[in-house]
Amino acid sequence: MNNVQAKVPDSTANALDEADSPTWLEVLAAVGQHRLLALLVFLLIVGLGGFYTFSLPRLYTSSTLLLPPQQQQGSASAVLAQLGALAGASPAVKSSEEMYAAFLRTQTLQNVLIDRFKLVERYGEENKADARLTFQKLTRVSADKKTGLVTIEVDDRDPAVAAELANAHVQELAKLLSRLAVTEAQQRALFLEDQISKGKDALAKAEAAFRKAQAETGFVASQALAETGVKAGIELRTQIAAKEVALKSLSSFATPQNADVQRLASELGALREQLVKIEQGSGPGKHSYTEGSGALSAYREVKAREAGLEFLVKQYEIAKVDQAKEGPALQQVERAVPAEKPSRPQRLPMALVFVLVGAVAAVLLAFVKYRLRRSYTEQPEVWLRLSAAWRS
């Protein structure tokens, strides 16, 4: 009895295994038996797919090619060598194709284009945020590291609008760049311009303090005095001013643990210590003035500010010359023109996909129906129990 019971599951399992392993002949038989159903499913899917494919709007793609400003490495290095202590001061920004591509993806530039071309209404959106999302899907900005070129591609139903939008990216980017300093020379000129403005204010205050001290003490600054200890102090003060500017600028984007920051701080401390020794009457260039010492200190301050301002002005002029050598801020290598043929959708590949999906679905549905009918014929008691279970 046990042997019989053990053999029954084995035979059942073998039968199930054979049933679960359909052959090609069985599949063809299923399709032939339910060919009308398979044909209807195939035609339905292909018809719906064709309707969807041909209902998609045709999009035209226009592209433009940009050449970002190229850095004048040789000239910049020469200027930095002339800057001396200020070589590490200006926070130079190296222009790159990735940076300009990022500018083109900013919301500021996109909002300008959305307002300029009224894209909220054109895309049928309710607000600018939704229009921006649609605009981002229809616009592609890519940067080629090998060539340094930036490509802008825009899709639109109207080929003329697509070309206008692509070219408008260049126009709006040029306006944005006119308000920003992105190249090394532009950053350096902007930095020095700010330092010159501060230097003029400091010089004016130093001159006012010297005139006041001169009126109180009757101090007269002579050429001989300038060539003694005062001259040495002025030179040191000029160096200290340059180091302070360099350290302040470098500290704006570097940590105190930075090697350059530590080096500048050490050099600045040494110069200040040397200046104290000179002004207190020890070290090279010492003096022994007792009368009018306040006026003498104010005189040193004036001369140091004058020398520092002259130094900054010279470097500013060099930076402006270097900036002029950089050429145009942005060059459009190729202008976008209206496309003659639509780029999307690719209807033939989409139609082939729907044909394949329809064929697979038709065969699968026909085979499922074939198996269900066969199972009902071979094992009616199972279906009766299943029916009873659902009715209870």
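Surface composition of the stretch 328-369: carbon plus sulfur atoms hold 70% of the accessible area, using a 1.4 angstrom probe and ignoring ligands, DNA and RNA.
Classified by the C-alpha gyration tensor, the stretch 32-71 has a prolate form. Its axis ratio a/c, with a ≥ b ≥ c, is 1.5 or above, and a/b is larger than b/c. In this structure the stretch 296-381 gives 64 Å² per residue of accessible area when probed at 1.4 Å with all protein chains present. Computed from the C-beta positions of Arg179 and Gln379 and an R0 of 56 Å, the FRET efficiency is 0.10 to the nearest 0.05.
Find how much the distance from Asp144 to Arg371 grows on full extension, using 0.36 nm per residue of separation minus their present alpha carbon separation; answer in nm with one decimal. The partial results should precede the final answer.
Details: separation 227, 0.36 × 227 = 81.72 nm, distance 5.67 nm.
Length gained between Asp144 and Arg371: 76.1 nm.
In this structure, the residue pairs whose Cα-Cα separation is over 26 Å, taken from Lys137/Lys341; Lys212/Lys320; Lys205/Lys314; Lys277/Lys314; Lys198/Lys314, are Lys212/Lys320; Lys277/Lys314.
The values are calculated or read from the model by the stated rules, or taken from the named source; none is laboratory data. If you're wondering where the values come from, they're calculated on a predicted model, not measured in any experiment. Please note: Cβ atoms are built from the backbone with ideal geometry, for glycine as well, and neighbour counts cover all protein chains shown. Areas reflect the complete protein model, heavy atoms only, side chains present, ligands, DNA and RNA absent. Shrake-Rupley method; radii C 1.70, N 1.55, O 1.52, S 1.80 Å.
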